[in-house]
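Student: Here you go, one structure.
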Amino acid sequence: MHSFLRLWLCLPLLLGSGLGAQGLLKTLTESEAPQQGAVRIDAVVAELVSAQTAVVAGRPARLGLRLRHDSHWHTYWENPGDSGLPTRISWKLSSGAALTASEIRWPTPDRLAVGPLASFGYEGDLLLMQTVEIPADTKPGESIDLIAQAEWLVCREVCIPGQASLLLRLPVVPPTESIQASADLPLFEAAERRLPRPDQAGQGFAFEADRLVLWGLGDARGMMGLLFPRTEGLIQPAAAQLLSATATGWRLDVPLADSAKRLIPGLRDGKTLEAVWRPDGAAQGLFWTLSLDAPPTPTAVIRSSPTAAEAGGGSSGIGVWLAIGMAFVGGLILNLMPCVFPVLGLKLLAFGQRAHSAVEARLHALLFATGVIISMLLLASLLLLLRAAGESIGWGFQLQNPWVVSGLGLLFVVIGLNLTGLFEVGTSLTRAGSLDRREGKLGALSSGALAVVVASPCTAPFMGSALGYAITASVWESMLVFAALGAGLAAPYVLLVAIPSAQRLLPRPGAWMETFRQALSFPMFATAAWLTWVLSQQNGATASFMLLLAMIALAIAGWSWGRSQRRGRLLRTDSALVILSLLTSIGLVQAGSQSSMQQDQRVLAAPAASWGPWAAGLAEQLQAQGKVVFVDFTAAWCISCQANKARVLTVDPVASRLAQPAVATLTADWTRQDPAITAELERHGRSGVPMYLVYPRGVGQPLLLGEWLTDAEVMDALDRAGAPAVAAPGR
């Protein structure tokens, strides 16, 4: 879109002779007599100026093109941004002989907003300086006519291509004669002060997902400003540039433009990136030459996020012992989250059966805890290995895979059918659903693994900060944090067998257990229904329909298997039906997992507010426009996210507050893997969803809310961010 807009704006310069902008300029100007002095052309007054009153043959002269823009009009830097063309100058003598000139010395540019886009350029009084070589055969005592063919694009609401043939006549003096400064020397001195000066604060750069990442030395608090890369089309000029502190300095994340893909290979081959950094409030920028090979790498130095710290939320720099403690408490609370309810029911059933056999109950609880911790460590190992391989994933990553979602849905159907008594299981994975059978030891281990799998869509309070630390810590520290999370999840069951008085609270085994066992099938079916909905959000309605058919095929297999068990023998027809149903189920899951649905076809919106899709830098743009911005980092498979939405975000008083025109609401949907969202979560010390950010009106760092929302917390954050109160009815 931006390329098309630029072409449209600059179309007048590209028409005509077919020679392009320079050919058109030549056609327009060669037939015109050069003009001396200041010349007004539309919204610009142009003239040539010199730093000295005379020139010397064979020596360079300091010359410049002065452009005085009318109010609110601007011309462009060498990288014009979203639209525009840089100013061009070519020099010659009155005879037509070309003169050798240096490159334009570009002053530090401004970022100029034009609606949702931005350009890099200049307003007001501008001097573009060059040094021009005076021919050695120029005779002293005469005058020399220096002619500049200049072209520019000047814009406000509309853009006007401008061009001029300008003449500057200067006397030629012998080398022995001193040259006086001209009256225009202060213009050159002022322009020199606006030139970016070489600086070593910027060390290196890299490309991560859809972002350009830069890092360097110095205090991040003193590095607020804007980056202007010399490479046109590399970044999104209007996007927010996010600065954060690292262990050794600072890091800057800048969203890449759509056209960056064709530029990245060349920058990687050249291993350098040139850019101008303009500190806030400064007229002079810093010129950086960044290296692709500069150590340390960004991922090695990121340890904290000032955004998260200022918001009062978790940070990746909280310390290993505090992270372990928070993970343990988060694991305890995780037992109360809705995603763990199905396994919680199974555990109550198992403990009810074994409550009055101390040895058996103790062994069962320890095996369950072992299964939880081992599964948690395996899940953590896989997560860390994938991240080390360059994958942008976080907590709950396995449910971003349609195959995993489908497989878990089928597993819960099997467990539910088994709990109803449709069939009995001998030795299979689904003994997690038959914990009241003799084969309970392996069942205890597998139910621990199942608890970890179904708990991963949830993020309990304290978990977010702990896991955010674990993602950036060393391997051993990460494993300790995940082990503490598993220990917290398993702790209630271990404590139950460790405290005899607590066991006496459980009812004695009896006929009630069969009824309770069958009743537990319904939470299993509800979990399967939720996973079907998750798949519909990932791959669309076709995928969820295929999964429903696969569940029916699996139910047919269970029914046939149960019939053979009650008959006491397996008939060929039963075995054929079981095999055929299982193969059909697998085929349907495969077909559903291969279907797809575009992100823009999903509608995740609360009834009262208009939720738009989140993109990197969009919240900061809306914030700069004077809006309070609420960003919901969510996923269809995150039960905590859906619960927060149903309890808080879509009901009054919060829903009405979010629906106001002064408040913008954005959804960052992490249902399927999205590296940009993963990077944003990490910036705020998080490794999974939910995460909620409230950007105050105008400027300021976002407020980071807790994982389990309350009306009071959201309303307080909106008050602090400057969101207007909802008017009372009738007022």
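Student: Can you find a residue that is at pLDDT below 75, basic (Lys, Arg) and either assigned to a loop (DSSP other than H, G, I, E, B) or touching a strand residue (DSSP E or B) at 6+ places or on another chain (Cβ under 8 Å) (or both) anywhere in the stretch 572-589?
Tutor: no
Student: Within the stretch 194-214, can you find the residues that are open to solvent by less than 10 Å² (accessible area, probe 1.4 Å) and of a type outside the set (Lys, Arg)?
Tutor: Once the filter is applied, which keeps residues that are open to solvent by less than 10 Å² (accessible area, probe 1.4 Å) and of a type outside the set (Lys, Arg), the stretch 194-214 yields 202, 204, 205, 212, 213, 214.
Student: Could you check the stretch 205-263 and list, in sequence order, the residues that are of a type in the set (Gly, Ala, Ser), part of a strand (DSSP E or B) and in contact with a Lys or Arg (Cβ under 6 Å, 6 or more places away or on another chain)?
Tutor: 225, 244
Student: When you check residue 521 against the structure, is it modelled with pLDDT of 75 or more, within 21 Å of residue 421 (Cβ to Cβ) and touching a Gly at 6+ places or on another chain (Cβ under 9 Å), yes or no?
Tutor: yes
Student: Another question, then. Taking the stated definitions as given, is residue 96 in a loop (DSSP other than H, G, I, E, B), small (Gly, Ala, Ser), surrounded by fewer than 20 Cβ atoms within 10 Å (Cβ to Cβ) and at pLDDT below 95?
Tutor: Answer is yes for this residue.
Student: Could you please give the count of residues in the stretch 646-699 that are among the polar types (S, T, N, Q), under 19 Å from the mean Cα position of the chain (by Cα) and in a loop (DSSP other than H, G, I, E, B)?
Tutor: Residues meeting the conditions: 3.
Student: Pick from 131, 108: which is crowded, with 19+ Cβ neighbours inside 10 Å and either within 29 Å of the chain's Cα centre (by Cα) or over 15 Å from residue 196 (Cα atoms) (or both)?
Tutor: Of the residues listed, the single one that is crowded, with 19+ Cβ neighbours inside 10 Å and either within 29 Å of the chain's Cα centre (by Cα) or over 15 Å from residue 196 (Cα atoms) (or both) is 108.
Student: Please determine, by comparing only the residues of the stretch 111-128 that are modelled with pLDDT under 90, open to solvent by 50 Å² or more (accessible area, probe 1.4 Å) and not small (Gly, Ala, Ser), which one is nearest to residue 258 (Cα to Cα).
Tutor: By that ranking, first place goes to 116.
Student: Counting only residues that are open to solvent by 30 Å² or more (accessible area, probe 1.4 Å) and of a type in the set (Gly, Ala, Ser), which one in the stretch 268-281 is modelled with the lowest pLDDT?
Tutor: Filtering the stretch 268-281 for residues that are open to solvent by 30 Å² or more (accessible area, probe 1.4 Å) and of a type in the set (Gly, Ala, Ser), the one modelled with the lowest pLDDT comes out as 281.
Student: If you don't mind, another one. How do the pairs read when you match residues in the stretch 158-176 that are without any contact (Cβ under 8 Å) to a residue 24 or more places away in the chain with residues anywhere that are outside any strand (DSSP E or B) and surrounded by 15 or more Cβ atoms within 10 Å (Cβ to Cβ), using Cβ under 9 Å and keeping only pairs 6 or more apart or on different chains?
Tutor: Listed by first residue and then by second, the contacts come to 158/9.
Here's the yes/no breakdown for (1) open to solvent by less than 20 Å² (accessible area, probe 1.4 Å); (2) in contact with a helix residue (DSSP H, G or I) (Cβ under 7 Å, 6 or more places away or on another chain); (3) of a type in the set (S, T, N, Q):
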position: 615; (1), (2), (3): no, no, no
position: 620; (1), (2), (3): no, no, no
position: 623; (1), (2), (3): yes, no, yes
position: 633; (1), (2), (3): yes, yes, no
position: 636; (1), (2), (3): yes, yes, no
position: 640; (1), (2), (3): yes, no, yes
position: 647; (1), (2), (3): no, no, no
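Student: Of the residues 681, 658, which single one is in contact with a strand residue (DSSP E or B) (Cβ under 8 Å, 6 or more places away or on another chain), farther than 25 Å from residue 323 by Cβ and modelled with pLDDT of 85 or more?
Tutor: Sole residue among the options that is in contact with a strand residue (DSSP E or B) (Cβ under 8 Å, 6 or more places away or on another chain), farther than 25 Å from residue 323 by Cβ and modelled with pLDDT of 85 or more: 658.
Student: Pick out the one residue from 306, 298 that is over 23 Å from residue 705 (Cα atoms), at pLDDT below 55 and surrounded by 15 or more Cβ atoms within 10 Å (Cβ to Cβ).
Tutor: Sole residue among the options that is over 23 Å from residue 705 (Cα atoms), at pLDDT below 55 and surrounded by 15 or more Cβ atoms within 10 Å (Cβ to Cβ): 298.
Student: For the stretch 610-654, how many residues are touching a Pro at 6+ places or on another chain (Cβ under 7 Å) and either among the hydrophobic types (A, V, I, L, M, F, W, C) or without any contact (Cβ under 8 Å) to a residue 60 or more places away in the chain (or both)?
Tutor: Final tally of qualifying residues: 10.
Student: Can you tell me which residue is modelled with the highest pLDDT among those in the stretch 28-54 that are exposed (fewer than 14 other Cβ atoms within 10 Å of the Cβ) and within 48 Å of the chain's Cα centre (by Cα)?
Tutor: Looking at residues that are exposed (fewer than 14 other Cβ atoms within 10 Å of the Cβ) and within 48 Å of the chain's Cα centre (by Cα), I get 40.
Student: May I pose another question? Say we look at the stretch 55-92 and pick out the residues that are over 24 Å from residue 237 (Cβ atoms) and among the basic types (Lys, Arg); which of these is most open to solvent (accessible area, probe 1.4 Å)?
Tutor: 59
Student: Are any residues in the stretch 700-724 farther than 18 Å from residue 655 by Cβ, open to solvent by less than 50 Å² (accessible area, probe 1.4 Å) and part of a loop (DSSP other than H, G, I, E, B), and if so, which ones?
Tutor: Listed by number, the residues that qualify are 700, 702, 706, 707, 722.
Student: Tally the residues that are part of a strand (DSSP E or B) and open to solvent by 70 Å² or more (accessible area, probe 1.4 Å), restricting the search to the stretch 136-193.
Tutor: 2
Student: State whether one or more residues within the stretch 454-465 are of a type outside the set (Val, Ile, Thr) and either at positive phi or modelled with pLDDT of 70 or more (or both).
Tutor: yes
Student: I'm trying to understand the selection: among the residues of the stretch 153-166, which are out of contact with any Leu (no Cβ under 7 Å at 6 or more places or on another chain) and of a type outside the set (Gly, Ala, Ser)?
Tutor: Across the stretch 153-166, the qualifying residues are 154, 155, 156, 157, 158, 160.
The values are calculated or read from the model by the stated rules, or taken from the named source; none is laboratory data. Just so we're clear, the structure is a prediction, and the values are computed from it rather than from any experiment. Every residue, glycine among them, receives a Cβ derived from its backbone with ideal geometry; neighbour counts consider all protein chains shown. For accessibility, only protein heavy atoms count, side chains too; no ligands or nucleic acids. Shrake-Rupley method; radii C 1.70, N 1.55, O 1.52, S 1.80 Å.
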